[in-house]
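Engineer: Here you go, one structure.
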Amino acid sequence: MHKTVKLSNIINDCVVLAQQAGNIIRQTHKSNDLKSMFRDKARLALRSISEEAAESQHSALCEQVRKIDAIEQADTLIRQTYLHNLSQLYPGLRLIIQGERPTSGGPYYSNQAFIQPDELLELRNKPALSADLLSKSAVARKG
């Protein structure tokens, strides 16, 4: 059995998820000065033979690994939240996430999601994109 879904609902849900994901990314960026991460990487490229320099490079490398780990954790949290919400709001929808196999279309649950499906449903009262706007755009294109 096929279920009809309003495109405007999917788009609005994805907009809200993207906005919330942006908050996670900004928090990660603030807590892990990414500019210094790349600066540290450039410093590591410079080789020095002194023991003191080797120890400093090791410390810098450890700090870089911690920063990358925080970025990967944020990325995982965002992916889990997208799957958690979209699979429950749109059962049967096969979701494709970059670098992973498509989902089976069944529900996916995450205990760490930063927003829940019921919260997305409440936010539909303030849509970023209205169904009327999509209809008017379609008529204009056909016109």
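Engineer: Output the number of residues of the range 2-45 satisfying the condition of being among the small types (Gly, Ala, Ser) and at pLDDT below 80. Steps first, answer last, please.
Structural biologist: Let us first name the residues in the range 2-45 that are among the small types (Gly, Ala, Ser), namely 8, 18, 21-22, 31, 36, 42, 45.
Subset that is at pLDDT below 80: 31, 36, 42, 45.
Total meeting the criteria: 4.
Engineer: Okay, moving on. List the residue pairs whose Cβ atoms are under 6 Å apart, where the first residue sits in the range 17-38 and is part of a helix (DSSP H, G or I), the second is at pLDDT below 80 and polar (S, T, N, Q), and the two are 6 or more positions apart or on different chains.
Structural biologist: Pairs found: Met37/Gln64.
Engineer: What residue, among those in the range 69-103 that are hydrophobic (A, V, I, L, M, F, W, C) and part of a loop (DSSP other than H, G, I, E, B), is nearest to Ile25 (Cα to Cα)? Before the answer, list the steps.
Structural biologist: Filtering the range 69-103 for residues hydrophobic (A, V, I, L, M, F, W, C) gives 70-71, 74, 77-78, 83, 86, 89, 93, 95-97.
From what's left, part of a loop (DSSP other than H, G, I, E, B): 93, 95-97.
Values: Leu93: 26, Leu95: 22, Ile96: 21, Ile97: 18 Å.
The selected residue is Ile97.
Engineer: Further, regarding this structure: Pick from the range 108-126 the residues that are over 16 Å from Leu86 (Cβ atoms) and either under 20 Å from the mean Cα position of the chain (by Cα) or assigned to a helix (DSSP H, G or I) (or both): which of them is modelled with the lowest pLDDT?
Structural biologist: From the range 108-126, those over 16 Å from Leu86 (Cβ atoms) are 111, 122, 125-126; that's our starting set.
With the extra rule that they be either under 20 Å from the mean Cα position of the chain (by Cα) or assigned to a helix (DSSP H, G or I) (or both), the set shrinks to 111, 122.
On the way: Asn111: 84, Glu122: 88.
Ranking the qualifying residues of the range 108-126, first place goes to Asn111.
Engineer: Filter the range 2-16 for residues that are part of a loop (DSSP other than H, G, I, E, B) and among the charged types (D, E, K, R); which is farthest from Gly92 (Cα to Cα)?
Structural biologist: My answer is Lys6.
The values are calculated or read from the model by the stated rules, or taken from the named source; none is laboratory data. Just so it is clear, the structure is predicted and the values come from calculations on it, not from any experiment. Reconstructed Cβ throughout: ideal geometry from the backbone, glycine too, with neighbour counts over all protein chains shown.
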